[in-house]
Structure formats: C-alpha cells, structure tokens
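K.L.:
Okay, here's the structure, questions in a sec.
The values are calculated or read from the model by the stated rules, or taken from the named source; none is laboratory data. Nothing here was measured: the structure is a model prediction, and the numbers come from that model. We place every Cβ from the backbone using ideal geometry, glycine too, and count neighbours over all the protein chains shown.
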Amino acid sequence: MLFHRSGGAEWMIVFLGNPGPRYTGTRHNVGFRVGDAVAKHCGVSINRLKNRALTARTTLGGKEVLLVKPQTYMNLSGEAVRPLADYYKIAPDHVLVVSDETALEPGRLRLRPGGSAGGHNGLKSVIQHLGTDRFPRLRLGVGAPPHPDYDMAEWVLGVLRGEDDAALNAAAEKAVKAIECCVEHGVDRAMNLYNGK
C-alpha cells in the first residue's frame with residue numbers, strides 16, 4: 001500500500017458518474033449531481049483535469065478536501081481514484097465515494113464505512129483499485145426498475161423526471177450536509193444523523 005497520511009488534502013470526496021452531455025440527469029449520474037451541489041456550497045468549480053478526473057481543492061467541515069469527478073466512465077472509476085489517493089497520500093478510510101443506489105427509493109441516503117459493491121460497477125472498480133472495501137460510501141436512492149425483467153443498464157442510464165428528479169435534487173442538498181458532517185465529525189455521526197433521510 002502506498003497510502004500515508006501527510007500534508008495537503010485530508011479527505012477525497014469522489015462523485016461517481018459518466019462524463020458527457022448524453023448522461024446528464026441520468027440515475028447513474030446522481031454522484032455528479034451531488035458533486036455540483038458540494039462545489040456550489042464551497043464556492044468552487046470541479047474543473048481541474050488531473051489523473052483522468054476533474055478535481056477541485058477546497059475546505060469543507062474545517063478540513064482540506066479534494067473533490068473528484070472521474071472522467072473514465074463509471075466502470076473504470078477506480079483507475080482515476082487510486083492515482084489521486086496515492087498522489088495526495090489519502091488513506092482509503094478518508095476516501096468518501098458518492099454513488100446512485102437502485103435498492104433505495106428515490107431521495108433516500110445511506111452512508112456506510114465500508115462493505116461490498118452491491119452490484120454497482122463504479123464501486124467495484126474503486127474497490128479493485130484501492131485494494132480494499134474499507135472506504136466510506138454515500139449512496140443516494142434512485143429507485144428500482146418497474147418490474148424484474150426491466151433492463152438494469154437501461155434503467156440507470158434513464159433520465160430522472162418529475163417527482164423523482166425533485167426528490168434527487170432535495171437529496172443532493174441533504175448529501176452536502178451529510179458529507180460535511182462526515183468530514184468534520186466522522187462517519188458514525190453522519191450515519192446517525194442522515195441515514196434513511
């Protein structure tokens with residue numbers, strides 16, 4: 001492992017999604033939506049290209065953080081995450097990954113300190129490249145397909161509309177607070193305050 005705590009960013013917040021206008025507003029890009037909300041809250045833009053990701057350095061919850069939007073496409077997200085974690089010497093337990101979750105109803109939040117990918121290819125890639133599943137992740141519910149035979153890829157790449165879109169906008173704002181709490185007070189406190197909200 002190349003991870004060591006040192007100066008610079010104390011946390012890396014990774015927002016999973018697919019780059020390009022074709023994927024804007026889709027269920028799979030909820031992570032990017034949260035990234036935009038966090039950037040707005042911090043008064044920055046996530047626009048500096050580094051190691052196949054758009055990044056921004058800022059302060060959140062009194063800590064120096066690196067905001068990251070991988071530009072590798074979802075299934076290869078770890079290829080951007082690992083080099084950045086190495087470069088900034090950020091340990092996995094301070095790499096918070098934000099993604100969509102079909103097992104949760106639209107707008108629900110679930111924060112965990114680690115665990116499996118749960119079938120999410122972006123998380124699978126991050127686990128593979130970090131070499132551990134012990135990193136915190138914040139999942140935002142996007143709802144399940146309307147019936148079991150519905151194609152999952154088609155579902156997650158579908159655009160959120162109406163009430164679901166409004167629920168995700170509200171969830172993104174709650175996610176900003178959950179992320180800030182996690183950075184400032186730790187994962188356990190943020191879980192107690194925001195899980196299921």
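K.L.:
Among G8, G43, which is surrounded by fewer than 20 Cβ atoms within 10 Å (Cβ to Cβ), free of Cβ contacts under 8 Å to residues at least 24 places away in the same chain, small (G, A, S) and more than 30 Å from G158 (Cβ to Cβ)?
P.N.:
Numbers: G8 fails: free of Cβ contacts under 8 Å to residues at least 24 places away in the same chain.
The conditions single out G43.
K.L.:
Another one. Suppose we filter region 123-157 for residues that are under 15 Å from the mean Cα position of the chain (by Cα) and among the polar types (S, T, N, Q); how many remain?
P.N.:
So the count comes out to 1.
K.L.:
Which of the strands (runs of 3 or more DSSP E) contained wholly in region 1-80 include at least 3 residues that are among the aliphatic types (A, V, I, L, M)?
P.N.:
Numbers: elements: 11-15, 48-50, 53-60, 63-70.
Fully inside region 1-80 and qualifying: 11-15, 53-60, 63-70.
K.L.:
Give the residues of region 54-74 that are hydrophobic (A, V, I, L, M, F, W, C) and under 29 Å from A166 (Cβ atoms), sorted by residue number. Write out each step before concluding.
P.N.:
Kept after step one, since they are hydrophobic (A, V, I, L, M, F, W, C), are these residues of region 54-74: 54, 56, 60, 65-68, 74.
Across region 54-74, the qualifying residues are L54, A56, L60, V65, L67, V68, M74.
K.L.:
Inspect region 148-158 for any residue being at pLDDT 95 or above, out of contact with any helix residue (DSSP H, G or I) (no Cβ under 8 Å at 6 or more places or on another chain) and either under 17 Å from V30 (Cα atoms) or not polar (S, T, N, Q) (or both) and give the result as yes or no.
P.N.:
no
K.L.:
Go over the candidates S125, S99 one by one and state the one that is in contact with a Gly (Cβ under 7 Å, 6 or more places away or on another chain), of a type in the set (S, T, Y) and part of a helix (DSSP H, G or I).
P.N.:
On inspection, the qualifying residue turns out to be S125.
K.L.:
If you check P148, P106, which single one turns out to be out of contact with any strand residue (DSSP E or B) (no Cβ under 9 Å at 6 or more places or on another chain) and not in a helix (DSSP H, G or I)?
P.N.:
P148
K.L.:
Can you tell me which residue in region 78-124 is surrounded by the most Cβ atoms within 10 Å (Cβ to Cβ), limited to those that are more than 22 Å from V187 (Cα to Cα) and among the small types (G, A, S)?
P.N.:
Here the answer is A80.
K.L.:
Right, another one. So is T55 more than 12 Å from the chain's Cα centre (by Cα), closer than 14 Å to F15 by Cα and surrounded by 17 or more Cβ atoms within 10 Å (Cβ to Cβ) or not? Explain how you work it out, then say what you get.
P.N.:
Numbers: more than 12 Å from the chain's Cα centre (by Cα): yes; closer than 14 Å to F15 by Cα: yes; surrounded by 17 or more Cβ atoms within 10 Å (Cβ to Cβ): yes.
It is true that T55 is more than 12 Å from the chain's Cα centre (by Cα), closer than 14 Å to F15 by Cα and surrounded by 17 or more Cβ atoms within 10 Å (Cβ to Cβ).
K.L.:
Assuming G62 fulfils every condition listed in (1) surrounded by fewer than 23 Cβ atoms within 10 Å (Cβ to Cβ); (2) under 14 Å from V34 (Cβ atoms); (3) small (G, A, S) apart from one, which condition is it?
P.N.:
Of the numbered conditions (1) surrounded by fewer than 23 Cβ atoms within 10 Å (Cβ to Cβ); (2) under 14 Å from V34 (Cβ atoms); (3) small (G, A, S), the odd one out for G62 is (2).
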